[in-house]
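**Student:** Just dropping this structure here.
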Amino acid sequence: MQLDHMTVEILKKVAAEPGMTIKMLCEKIGLPQRNFYHRRTRINDWLIAEGFTPLICDAHRGVHLAKDEATGVLLKMADIHGQHYKLNAEERRDNLLLHLACHNQPASRHLSELNRVSRNTTLNDICLLKTHLQQHRLTLVINKKQGYRIDGSNLARRLAVQQMLQHTLKFSDYQAETRIAQILLCQLNDMGIQEHRVKHVIDKQLQLTEQQLNRVFTDKDRRSLQYMILFSLVDTLRGRVPEFTSIQSRFLREQSECEVAAGLNAVLAQQLPLPELSGNTLFFSLLLSASKKVKSHQENISKDNRLMVVVKKLIEQFQALSGVYLQDVHQLESRLISHLGPAIHRCLFGIHSENVLKEEILQRYPMIFRLCRQIIISLEREYHVAFCDDELSYVVISFAAWLDRRPETGEQHLLLVTEGGLSSTAILENQLRNLTVLPLNIEQVSASQLQLQGIGPHIRLVVSTIGLSCQLLAHTRFIQTQHLLTEGEKQQIRLMLKHNIEPTGIAELVNALVTSATRLVPQQKEPLNREFSTIISQFIQKQQRRSRPLSSPGLPRLLLAGFTGRKAGWQLLIRKAAQPLIKQGIIDSSYARNIVRRIESRGLTTYLTPDILLLHDTPPPGATEGALSLLKLRYPLHFDIPGVTITPSVIVILVPASNLAHIPLLESLNALISDETSLADLLSADSQQALQCCINGSLII
């Protein structure tokens, strides 16, 4: 396995400066962090082949080579470019894919010569290719006499090649790109189209396309377009033109890029002896519209008002379900549109976009992921697409980044101290991450490691399965548990995370008190520091216990659930749903009035399900506790608003609190509607008594 220039740069930097974090390493060499993981695999393959230990990536010791191997690795790299290049299994698979997509039916002997490997290795590679093609709804047909061919729709074949190109240009080196160019240009040359002629025409037309679209392609998009146009020319000369469904055709013809794509197709057909086919126009429209667009917020609004409306709805639903109000929403809207525009194209046409950080995102942000999976339904219905986990992970990253912008919702640092096995520790970590929508940075240590390194000042909460003998800082909270959290412990941890007390502020308070006291007794500085830290820590814990909601069954967490058998307009019923909260002094009449005005001006943008309407306004001034009011309707609600087709039979009014105290209420409501039996009982309740039995049985009160 030969290394490219970037993997060589990584190894040199690791050998010279061992111990850097992956983030720091990528920043120093100018490599996106998500691309490091792919290259780490190539580095490890090379290290093992050369008799070295794989690269060590440790959360505490950073990235480094094995002890005493750095010098040997550097010596081996000195003559790396003189070695014969050997393709790995993935590169051989991609090479087979491109050759089979271009040729008609090559024989197995030809494929072995192509990758310079044995027949047995080629047969293994063909098995990998068959599995890969099945993901694109393509079949590898094998005939001993006639050879191999890819069977399936022409569009699926082109999209399979396009995905391979995207992956190659994202992760691989210039050698892989050179192979791709040689294959495509040789094919065209054999068909009578000269290499320099076709390259000149394509380059000139892409420059003109940028001017017509008023857009500058990224380097990766430009190269991808060049190679896909080359492959489209080969495909057309082979007599294969992509077919589109009526929905796909209508969608592409509505894009602003379609007219430019038609001009591109006409010029290529004119200057290169090719037939001018409408299928190529639509395919070029797909390629152009799926390329990355970076626009200002105002440009996004003017260019795609339909998507902007959907994105605003996504953000509002996320805020309603999470109970967190995001800052700089306009910037978040632009960021989501920049991703979701091309993502909709990919989903509509079955173009898979691999997210190498998907598993890490699922692990670090499970609750945000679940919320995004719920809110993305509205976009899927609007555009008739289905978002896979890879695409949704990009949306999750955006919301997690915006949560991190506010101190009270930013990343919380937790220390997990266990003496159990890896599986039990992983279960406990997963429970912690599922307790809150807040991003958590969880560090895992054993008791012996903790004795050596202590508890850092950045740690906000320590969760341990054993008793600790080390001293806690004043701002650090502690809870001891078994390997599975009880419901009481979960609630306690939620409260600890909710009451965000700034650690630096507490440390400054302790230091100020110690400085003042040591003027009188200078020799007692250290004892006073410990004493003041203990006093403040105990005070904070006492305040937390006071703020904990009572567990008495007589105190309802859902403040009021009502039933009405009256037919009325939607404005009146929304005001009626809010009335119990007004009577208890939690809100005033302007709260419901603001909700109604927003629906009248912007339409209906938030609902849990088509049967359950969740409505809210901004947190009332000074609100420290959340509240919910639920109104069950005998007759479903009908809106006289264009585009609103849902007919909910339950109205939920949420009163959020700026300190996130309403999150347990939302979690309880979510537990109710997530249980099919409870949800069915709620929707079928036809009296106040039946409704109250349903609510009581769901443990919301």
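Readers should treat all values here as calculations from the given coordinates under stated rules, not as data from a laboratory. This structure is a prediction, so every number in the text was calculated from the model and none was measured. So basically every Cβ, Gly included, is an ideal-geometry build from the backbone, and we count neighbours across all protein chains shown.
**Student:** Which order, highest average first, do 212-219, 454-461, 258-265 follow once you tally other Cβ atoms within 10 Å for each residue and take the mean per peptide?
**Tutor:** On the way: 212-219: 13.6, 454-461: 16.4, 258-265: 20.2.
Final packing ranking: 258-265, 454-461, 212-219.
**Student:** Sticking with this structure for a sec: Cα-Cα over 30 Å: which of LYS23/LYS220; LYS204/LYS312; LYS13/LYS204; LYS12/LYS358; LYS313/LYS576; LYS67/LYS220? Kindly include the intermediate steps, with their values, before the conclusion.
**Tutor:** Numbers: LYS23/LYS220 22 Å; LYS204/LYS312 39 Å; LYS13/LYS204 40 Å; LYS12/LYS358 28 Å; LYS313/LYS576 24 Å; LYS67/LYS220 38 Å.
Pairs exceeding the cut-off: LYS204/LYS312; LYS13/LYS204; LYS67/LYS220.
**Student:** Still on this model: Looking at the stretch 176-212, which trypsin sites (Lys or Arg not before Pro) are DSSP coil and have at most 14 other C-beta atoms within 10 Å of their C-beta?
**Tutor:** Working: sites: ARG179, ARG197, LYS199, LYS204; in loops: none.
Passing both the DSSP loop test and the Cβ count: no residue.
**Student:** While we're on this one: Compute the distance in nm between two label points, each set 7 Å from the Cα along the Cα-to-Cβ direction, one at HIS110 and one at LEU208.
**Tutor:** 3.5
**Student:** Along the Cα→Cβ direction, 7 angstrom out, place labels at VAL141 and THR618. What is the inter-label distance in nm?
**Tutor:** Here the modelled spin labels are 6.4 nm apart.
**Student:** Run the simple label-point estimate for SER446 and ILE56 please: 7 Å along Cα→C-beta, distance reported in nm.
**Tutor:** Roughly 1.6 nm, to one decimal.
**Student:** Can you tell me the FRET efficiency between ARG602 and TYR325 if r is taken as the Cβ-Cβ distance and R0 is 22 Å, rounded to the nearest 0.05?
**Tutor:** Numbers: r = 17 Å, r/R0 = 0.77.
Approximately 0.85, to the nearest 0.05.
**Student:** Then there's this: I'd like the trypsin sites (Lys or Arg not before Pro) in the stretch 560-594 restricted to DSSP loop residues with at most 14 other Cβ atoms within 10 Å, sorted by number.
**Tutor:** Details: sites: ARG566, LYS567, ARG575, LYS576, LYS583, ARG593; in loops: ARG566, LYS567.
Those satisfying the criteria are ARG566, LYS567.
**Student:** Quick one: order THR121, THR481 by neighbouring beta-carbon count within 10 Å, fewest to most.
**Tutor:** Listed from fewest to most nearby Cβ atoms, that is THR121, THR481.
**Student:** Which of ASP686, ASP675 has the fewest other C-beta atoms within 10 Å, and how do the rest follow up to the most? Let's see the in-between values first.
**Tutor:** Numbers: ASP686 11, ASP675 14.
Listing ASP686, ASP675 from fewest to most nearby Cβ atoms yields ASP686, ASP675.
**Student:** Figure the gain on full extension for CYS470 and GLU676 (residue separation times 0.36 nm, minus the Cα-Cα span) and round it to one decimal in nm.
**Tutor:** Values: separation 206, 0.36 × 206 = 74.16 nm, distance 4.72 nm.
Full-extension gain reported as 69.4 nm.
**Student:** Listing SER334, SER589 from the residue with the fewest other Cβ atoms within 10 Å to the one with the most, what is the order? Spell out each step's value before the answer.
**Tutor:** Details: SER334 20, SER589 11.
Taking fewest neighbouring Cβ atoms as first place, the list is SER589, SER334.
**Student:** Just subtract the alpha-carbon distance of ASN511 and ARG634 from 0.36 nm times their residue separation and send over the number in nm, one decimal. Before the final figure, lay out each step's value.
**Tutor:** Working: separation 123, 0.36 × 123 = 44.28 nm, distance 6.23 nm.
The ASN511-ARG634 span can extend by a further 38.0 nm.
**Student:** Within the stretch 560-697, what percent of beta bridges assigned by DSSP are antiparallel, to the nearest 5? Intermediate results must be reported in sequence, preceding the final value.
**Tutor:** On the way: 7 of 17 bridges.
Restricted to the stretch 560-697, the bridges split so that about 40 percent are antiparallel.
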